[in-house]
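Encoded as structure tokens, the structure appears first; notes follow it.
Nothing in this text is a laboratory measurement; each read-out follows from the coordinates by a stated rule. In this text the structure is predicted, and so the values were computed from the model without any measurement. No Cβ is skipped: glycine too gets one built from the backbone with ideal geometry, and neighbour counts run over all protein chains shown.
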Amino acid sequence: ICTRSGNEDEFRDMVIRCNNVGVRVYVDAVINHMCGGGSGAGTSSTCGSYYNPGNRDFPAVPFSGWDFNDGKCKTGSGEIENYNDAYQVRDCRLVGLLDLALEKDYVRSKIAEYLNHLIDIGVAGFRIDASKHMWPGDIKAVLDRLHDLNKTWFP
Ligand SMILES: *[C@@H]1O[C@H](CO)[C@@H](O)[C@H](O)[C@H]1NC(C)=O
């Protein structure tokens, strides 16, 4: 957890202070994809961790080539070409973004780990980004693994 808006300690401090005065925090969670497949390797990520979209290497998670839908998408370009085709919308890339294979237990577990960390800190819920680009059963499999909200504020 770290962005241009602050680091994890600062986020935690904000969530605690907000909860203590009755202001709830909802995270806009991006769990469908990683970065664009065409961007170069380097450490210009939000937290400065190394990544290489070219070979699907995200060692900070870690995610590798096994964890993306490259083999599942059936379009020639690997992109969503027809929004009337639910398979393309859910299995192919959205504007070039590397599409995570949410059917994989490992990918589900890494995403649930991330969301549970936020729940334990004290967030009240999530807005799941790009949810129409994921299979409902895959989203459910992730949500079924989530902790109850933090009892300090949500008894
Ligand atoms: C809930 O939040 C409190 C206050 O920050 C923290 O001490 C506690 O460990 C959290 N609970 C869980 C289950 O993480």
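The fewest-to-most ranking of ASP105, ASP91 by surrounding Cβ atoms within 10 Å reads ASP105, ASP91.
One equal scatterer on each Cα of the chain, no solvent, Debye formula: the resulting log10 I(q)/I(0) at q = 0.09, 0.11 Å⁻¹ is -0.33, -0.48. Counted without the sites themselves, the longest stretch of the chain free of chymotrypsin sites (Phe, Trp or Tyr not before Pro) in a DSSP loop having at most 13 other beta carbon atoms within 10 Å is 84-155.
Extension gain, SER45 to SER5, is 13.0 nm, computed as 0.36 nm per intervening residue step minus the present C-alpha separation.
Could you sort 133-141, 74-82 so that the peptide with the highest average Cβ count within 10 Å comes first and the rest follow in order?
Working: 133-141: 15.6, 74-82: 13.4.
Descending mean neighbour count gives 133-141, 74-82.
Just want to confirm a number: the relative contact order over segment 104-155, from Cα pairs under 8 angstrom separated by 6+ residues, in percent.
Values: 28 pairs, mean separation 28.3, N = 52.
54 percent.
Note on LYS74: lysines with a C-alpha under 28 Å away, same-chain residues under 8 apart excluded, are LYS104, LYS110, LYS132, LYS140. Each of ASN82 and HIS117 was given a label point 7 Å from its Cα along the Cα-to-Cβ line. The distance between the two points is 4.0 nm. Rounded to the nearest Hz, the phi-derived 3J(HN,Hα) couplings of segment 65-73 under the Karplus curve 6.51 cos²θ - 1.76 cosθ + 1.60 (θ = phi - 60°) are x, 5, 9, 10, 8, 3, x, 8, 5, where x marks glycine and proline.
Converting phi to 3J(HN,Hα) with the Karplus coefficients 6.51, -1.76 and 1.60 and the offset θ = phi - 60°, segment 45-56 yields 7, 4, 9, x, 7, 5, 8, 9, x, x, 10, 6 Hz in sequence order, with x at every glycine or proline.
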